Amino acid sequence: MNTTAGILLVDDNPADLDLIGEVLSRSLCSVDVSSVRDGQQAMDFLHRRGVYASSSRPALVVLDLSMPGKDGRFVLAEVKSHPELRKIPIVVFSTSQAGPDIQGSYNLGANSYVTKPCSLADFVSAVTSIGEFWLSCAILPREENR
């Protein structure tokens, strides 16, 4: 099936958003990358509220944990408890290597947890690996099935 995969990036760091989007856009399949900068915007996007009313639900969410206001933990908990949203895979992509953050993310329903590397080359490699797995290997639920 050769369809466009919608990806929602949720991160308050504009440089990370730009780099992640650029790397994922170079993946083997066609992607439509959208980004928001906090948890409230993420929930508005996923629920198609306000300025996001005409947005399509993404096939994958790449989520940072640490953001001002409603952080990634809030987004993860709300998405995974919502019947229409919980099937959307969420990759936590965070600088935190803390055990409680990792375990807590999985307890809330994260589909994977990847630590953001410090070096540019390792960062690009990590995002490339996320894209290769989730966009080329994994079979993502289609919108009518989410």
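Within segment 14-36, can one find any residue that is acidic (Asp, Glu) and farther than 24 Å from residue 129 by Cβ? No: segment 14-36 contains no residue that is acidic (Asp, Glu) and farther than 24 Å from residue 129 by Cβ.
Looking only at residues in segment 2-33 that are surrounded by fewer than 16 Cβ atoms within 10 Å (Cβ to Cβ) and among the polar types (S, T, N, Q), the one that is nearest to residue 115 (Cα to Cα) is 13.
Of all residues in segment 21-40, exactly one satisfies the criterion of being part of a helix (DSSP H, G or I), over 19 Å from residue 140 (Cα atoms) and under 12 Å from the mean Cα position of the chain (by Cα), namely 39. Would you say residue 34 is in contact with a Pro (Cβ under 8 Å, 6 or more places away or on another chain), of a type in the set (Ser, Thr, Tyr) and touching a residue at least 24 places away in the same chain (Cβ under 8 Å)? It is true that residue 34 is in contact with a Pro (Cβ under 8 Å, 6 or more places away or on another chain), of a type in the set (Ser, Thr, Tyr) and touching a residue at least 24 places away in the same chain (Cβ under 8 Å). Does segment 125-133 include one or more residues that are closer than 26 Å to residue 15 by Cα, over 15 Å from the mean Cα position of the chain (by Cα) and modelled with pLDDT of 95 or more? Yes, segment 125-133 contains a residue that is closer than 26 Å to residue 15 by Cα, over 15 Å from the mean Cα position of the chain (by Cα) and modelled with pLDDT of 95 or more.
Of the residues that make up segment 38-57, is at least one touching a strand residue (DSSP E or B) at 6+ places or on another chain (Cβ under 6 Å), within 24 Å of residue 122 (Cα to Cα), among the aliphatic types (A, V, I, L, M) and crowded, with 22+ Cβ neighbours inside 10 Å?
no
Among the criteria (1) closer than 19 Å to residue 133 by Cα; (2) surrounded by 15 or more Cβ atoms within 10 Å (Cβ to Cβ), the one residue 71 does not fulfil is (1).
The values are calculated or read from the model by the stated rules, or taken from the named source; none is laboratory data. Quantities reported herein were computed from a predicted structural model and do not represent experimental measurements. Positions of Cβ are generated from backbone atoms using ideal geometry, with glycine treated the same way; all protein chains shown enter the neighbour counts.
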